[in-house]
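Novice: Sharing a structure, written as structure tokens. Questions coming.
The values are calculated or read from the model by the stated rules, or taken from the named source; none is laboratory data. All figures in this text were calculated on a predicted structure; none of them were measured in a lab. As a convention, Cβ positions derive from the backbone with ideal geometry for all residues, glycine included, and neighbour counts pool all protein chains shown. For the accessible areas, the whole protein counts, side chains as well, though only heavy atoms, and no ligand, DNA or RNA atoms are used. Shrake-Rupley method; radii C 1.70, N 1.55, O 1.52, S 1.80 Å.
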Amino acid sequence: MENFVTIAKFENIFEADLARGLLEDNGFEVNLLNERVVSLAPGIASNKLCLELQVPAGQEAKAMAFLSESTKDSDTEALLKSEGAILEGHFKLTSGRHSNLYIEKIKLLQNPLLAKTLCSRLAALITDHDIDCVVGPAYGGIALAFEVASILDKSFVFTQRKDGEMTIRSGFDLSEIKRAVVIEDIVTTGGSVVEVIQCLNDRNIEVSMVGALVDRSGGAVDFGVPFMSLLQLDIPSYDPEECPLCQSGIPITKPGGSDK
Ligand SMILES: [Zn+2]
């Protein structure tokens, strides 16, 4: 039997699958060690085992070069599409305009392993910042901020809107919190994040950066602190009269949106 060597290790099946797909698409023979065990019991297995991606001996340098070529952006986009968090089709937006892309926010949280994968990438962006707390706005940011806090071993709080005003959920002890990072799921106008930053500043908590899974602002936001996202996504929208999808006769759907 051919001799396989390990070129990368992964903590979960999403990352491993993407890497394997990339290599297979480029003609590599790939062996994923421990795959079956992790697939059967992801929660348990990921704590005890790791997935080892292997290629035949002699091909490791070339395979690793292919892997490093895959950028975080396209990776994250592929993950979100595969989980149905980014939908492609023909959609009628709340504004009345039409688009070929729609973000189903809640799908970001439905698969905890996906959320964990994305949060570990977010956490990696934050490690340089000296913070003591990770803050997420309700409700989309809560699970994400909690997971990032857990990975970085920092404390966690969340904010929520009370009588229209952004506030920190009562009961949290803020006395030890001096510097925080704010984690949001999707930044569109950035309005909520601005309110969260103000809310923290009012309590003498400095915000050192903002992190988001998806930045669809088109670079229009300025939080006054560094802002990093895993994916910058432009979502085109069309006036119904000028929509190319309508002109192609593609049926339109009006997704989600009524639970706010
Ligand atoms: Zn249309």
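Novice: Of everything in segment 167-189, what is among the aliphatic types (A, V, I, L, M) and either without any contact (Cβ under 8 Å) to a residue 40 or more places away in the chain or surrounded by fewer than 19 Cβ atoms within 10 Å (Cβ to Cβ) (or both)? Give them in sequence order.
Specialist: Within segment 167-189, the subset among the aliphatic types (A, V, I, L, M) is 168, 174, 177, 180-183, 186-187.
Ile168, Leu174, listed by residue number.
Novice: Please find, within segment 107-147, the residue that is nearest to Thr253 (Cα to Cα) out of those that are β-branched (Val, Ile, Thr) and free of Cβ contacts under 8 Å to residues at least 40 places away in the same chain. Talk me through it step by step, then tell me what you get.
Specialist: The first filter runs over segment 107-147 and keeps only residues β-branched (Val, Ile, Thr), leaving 117, 126-127, 131, 134-135, 142.
Now narrow it down to the ones that are free of Cβ contacts under 8 Å to residues at least 40 places away in the same chain: 127, 142.
Working: Thr127: 41, Ile142: 29 Å.
Only one residue fits best here, namely Ile142.
Novice: With the requirement that a residue be within 14 Å of Ile177 (Cα to Cα), of a type in the set (Gly, Ala, Ser) and buried (at least 21 other Cβ atoms within 10 Å of the Cβ), what does segment 144-166 give you?
Specialist: Step one: filter segment 144-166 for residues within 14 Å of Ile177 (Cα to Cα), giving 149, 153-158.
With the extra rule that they be of a type in the set (Gly, Ala, Ser), the set shrinks to 149, 155.
Across segment 144-166, the qualifying residue is only Ala149.
Novice: Let me ask something additional. Report, by residue number, each residue of segment 214-258 that is touching a Leu at 6+ places or on another chain (Cβ under 6 Å) and open to solvent by 60 Å² or more (accessible area, probe 1.4 Å).
Specialist: Arg216, Met228
Novice: Run Ser208 past the list (1) part of a loop (DSSP other than H, G, I, E, B); (2) closer than 20 Å to Val135 by Cα and report the number of the one that doesn't hold.
Specialist: (1)
Novice: Hey, among the residues in segment 112-143 that are open to solvent by 40 Å² or more (accessible area, probe 1.4 Å) and not in a helix (DSSP H, G or I), which one's farthest from Val157 (Cα to Cα)? If you could, list the steps in order and put the result at the bottom.
Specialist: Taking segment 112-143 as the starting set, the residues that turn out to be open to solvent by 40 Å² or more (accessible area, probe 1.4 Å) are 112, 116, 120, 124-125, 127-130, 132, 138-139, 142-143.
Retained after the next criterion (residues that are not in a helix (DSSP H, G or I)): 127-130, 132, 138-139.
On the way: Thr127: 18, Asp128: 20, His129: 18, Asp130: 17, Asp132: 11, Ala138: 10, Tyr139: 12 Å.
Among those residues, the one meeting the criterion is Asp128.
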